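The values are calculated or read from the model by the stated rules, or taken from the named source; none is laboratory data. The structure displayed is predicted, hence computed values, not measured ones. Glycine also receives a Cβ, built like all others from the backbone with ideal geometry; neighbour counts cover every protein chain displayed. Ligands, DNA and RNA are stripped out before the accessible areas are found, and what is left, the full protein with its side chains, is counted by its heavy atoms. Shrake-Rupley method; radii C 1.70, N 1.55, O 1.52, S 1.80 Å.
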Amino acid sequence: MDWTEFSRWGSHISQWAADYHATLRERPVRAQVQSGEISAQLPAHPPESGEPMDAVMADFERIVMPGITHWQHPRFFAYFPANAAPPSMLAEMLVSTIAPQCMLWQTSPAATEMETRMLEWLRQALGLPGNFSGVIQDSASSATLAAVLTMRERALGWTGNAKGLSGQPRLRVYTSAEVHTSVDRAIWVSGIGEENLVRIPTGGPLRAMDPAALDAAIRADIENGFLPCGLIACTGGTGTGACDDLAAVIKVAKAYNLYTHVDAAWAGSAMICPEFRTLWEGVDGADSVVFNPHKWLGAQFDCSAHFIADPESLVKTLAIQPEYLKTHGADGIINYSEWSVPLGRRFRALKLWFLIRSYGLEGLRQRIRNHVAWSQSLAERLRQTPGFEIVTEPVLSLFTFLLAEKTDAQLIKYVNRINTDGRIYITQTRVDGQIAIRFQVGQFDATRDDVDTAFDVLTEIAETI
């Protein structure tokens, strides 16, 4: 392909993208294909000769698109959103075009300095204090892994990377059952081990970690010869939106000199609205905080904002500086590859710049406020509808419900029928061991009418179970 042909196809795909978004409501939200249906249409061997883009694009439409679940569909109410606002997509087109590798300041100074400023913008938007510095990770999973590695090194006097964990005291990390499974994976990868991830009981309407139980668990571990090293709390847990009492649990952790990390991957975006910040009161005492602008804020995946109170500890944990990665002749620079596990880094800050400048904070706040109001309104409508029970009350735009007197198997059948119907997409979770149905509003272009459609589908299909 030469650049003339690239220009022609670039224009074609740009128009295709606009048409795709304009007609999304006409498509089923979840892919309606069977397992193996896509791979059966793909040749078993690569072509020896190049093919024209007309043929490639035709096969994209014929083979790929039927197997796509439409995360940008306004009636995507499953999981959490992975939004891609138009300005963010345009920024990504530019990043793909210039294709920089932004591992060091000198490999793209604009990327490094814009990342610093965009994280400052986000910190101010969230109301976090000025002692936090930020870095963009690919996902909250990477930020949590970096936090776990840091708490490990800090507890071991910075000897874990050099000596390994053999012969060291057994480390303990504390969390609740409400956190994302990325915490488990970080514990595995860090070498701490699942047996040393201590689950603290939860209670109350927000299913928050019990501070007294946390204190008792830490004291018991110390008495038994373990080495407590960190606490991972959550604001807006994946299953039900659980929110820990950050002020209380961080106070306990600090009493034992534990590193504290807060996972607010989804709910953190809502903290640009001051009225929602009661959900993470006390966050200013954390050592690190993560939230994903690629979930609710509109920044195209991947883009995870990781804030650190003491970046020197993170750099001390992760930085490796062979001669070929040193920047000579410049002082006071940041090399963000020393703040993350991967060496290679994309220019993720550009889409934040485009996004925030295009909508302004108030434009982004209004979308989030709408989603919260519409979700809470739907929960009340279902509460008043015979046959429905609200299991967990709305936390921001997330709540769970079930059909009264139905078994777990019947509830799964209900979810499957809804998703096969195609007008909306939802998922299930477990609450106290029982199946419940999750519902959250968060897609960037969702409207009140889309949520009203969800009510119609939920009640209509309930009559068939």
Of those in the range 372-395 that are within 15 Å of Asp452 (Cα to Cα) and in contact with a helix residue (DSSP H, G or I) (Cβ under 8 Å, 6 or more places away or on another chain), the residue most open to solvent (accessible area, probe 1.4 Å) is Arg381
Quick one: in the range 39-51, which of the residues that are open to solvent by 80 Å² or more (accessible area, probe 1.4 Å) and not small (Gly, Ala, Ser) is nearest to Trp9 (Cα to Cα)?
-> Glu51
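Could you check how many residues of the range 446-465 are outside any helix (DSSP H, G or I) and buried (at least 20 other Cβ atoms within 10 Å of the Cβ)? So that I can check it myself, show each step before the final result.
Going residue by residue through the range 446-465, those that are outside any helix (DSSP H, G or I) are 446-447, 463-465.
If we keep only those that are buried (at least 20 other Cβ atoms within 10 Å of the Cβ) as well, we get 446.
Going through the range 446-465 one residue at a time, the tally reaches 1.
Does Asn257 meet the test of being surrounded by fewer than 23 Cβ atoms within 10 Å (Cβ to Cβ) and among the polar types (S, T, N, Q)?
Numbers: surrounded by fewer than 23 Cβ atoms within 10 Å (Cβ to Cβ): yes; among the polar types (S, T, N, Q): yes.
In short, yes.
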Search the range 224-247 for residues being touching a helix residue (DSSP H, G or I) at 6+ places or on another chain (Cβ under 7 Å) and under 23 Å from Leu171 (Cβ atoms), and hand back the single one that is most open to solvent (accessible area, probe 1.4 Å).
-> Leu227
Could you tell me whether Gly157 is surrounded by fewer than 14 Cβ atoms within 10 Å (Cβ to Cβ), within 19 Å of Thr392 (Cβ to Cβ) and out of contact with any Cys (no Cβ under 6 Å at 6 or more places or on another chain)?
-> no
Search the range 177-195 for residues being in contact with an Asp or Glu (Cβ under 9 Å, 6 or more places away or on another chain) and more than 16 Å from His261 (Cα to Cα), and hand back the single one that is most open to solvent (accessible area, probe 1.4 Å).
-> Trp188
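Within the range 260-274, is even one residue closer than 16 Å to Pro205 by Cβ, of a type outside the set (Phe, Trp, Tyr) and open to solvent by 10 Å² or more (accessible area, probe 1.4 Å)? Steps first, please.
Within the range 260-274, the first condition is being closer than 16 Å to Pro205 by Cβ, and the residues that meet it are 267.
Of the ones still in play, those that are also of a type outside the set (Phe, Trp, Tyr) are 267.
Narrowing further to those that are open to solvent by 10 Å² or more (accessible area, probe 1.4 Å): none.
No, the range 260-274 contains no residue that is closer than 16 Å to Pro205 by Cβ, of a type outside the set (Phe, Trp, Tyr) and open to solvent by 10 Å² or more (accessible area, probe 1.4 Å).
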If a residue has to be without any contact (Cβ under 8 Å) to a residue 60 or more places away in the chain and either open to solvent by less than 10 Å² (accessible area, probe 1.4 Å) or in a loop (DSSP other than H, G, I, E, B) (or both) to count, how many in the range 103-135 make the cut?
-> 2
Taking first residues from the range 78-100 that are farther than 16 Å from Ser11 by Cα and open to solvent by less than 30 Å² (accessible area, probe 1.4 Å) and second residues anywhere that are of a type in the set (S, T, N, Q) and outside any loop (DSSP other than H, G, I, E, B), the pairs with Cβ under 7 Å that are 6 or more apart or on different chains are Ala78/Thr427; Phe80/Gln440; Pro87/Ser358
Taking only pairs six or more apart or across chains, which ones have beta-carbon atoms under 7 Å, a first residue in the range 53-76 that is under 13 Å from Val29 (Cβ atoms), and a second residue that is among the hydrophobic types (A, V, I, L, M, F, W, C) and part of a strand (DSSP E or B)?
-> His70/Phe76
Only residues that are open to solvent by less than 10 Å² (accessible area, probe 1.4 Å), assigned to a loop (DSSP other than H, G, I, E, B) and β-branched (Val, Ile, Thr): list them for the range 396-445, please.
-> Ile424, Ile426, Val441
Among the residues of the range 196-207, which ones are in contact (Cβ under 8 Å) with a residue 12 or more places away in the chain and either open to solvent by 60 Å² or more (accessible area, probe 1.4 Å) or not hydrophobic (A, V, I, L, M, F, W, C) (or both)?
-> Asn196, Arg199, Pro201, Thr202, Pro205, Leu206, Arg207
Sole residue being in contact with a strand residue (DSSP E or B) (Cβ under 7 Å, 6 or more places away or on another chain), crowded, with 19+ Cβ neighbours inside 10 Å and touching a residue at least 24 places away in the same chain (Cβ under 8 Å), chosen from Asp210, Asp221 = Asp221
Give me the pairs, please: first residue somewhere in the range 8-36 and farther than 20 Å from Ala82 by Cβ, second residue anywhere and open to solvent by 60 Å² or more (accessible area, probe 1.4 Å) and assigned to a loop (DSSP other than H, G, I, E, B), beta-carbon distance under 9 Å, and either six or more positions apart or on two chains.
-> Trp9/Met1
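For every residue, the table says whether it meets (1) more than 28 Å from Ile222 (Cα to Cα); (2) more than 29 Å from the chain's Cα centre (by Cα); (3) at pLDDT 90 or above.
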| position | (1), (2), (3) |
| --- | --- |
| Leu128 | yes, no, yes |
| Asn131 | yes, no, yes |
| Gln137 | yes, no, yes |
| Ala143 | no, no, yes |
| Leu149 | no, no, yes |
| Arg152 | no, no, yes |
| Ala155 | no, no, yes |
| Ser166 | no, yes, no |
| Arg170 | no, yes, yes |
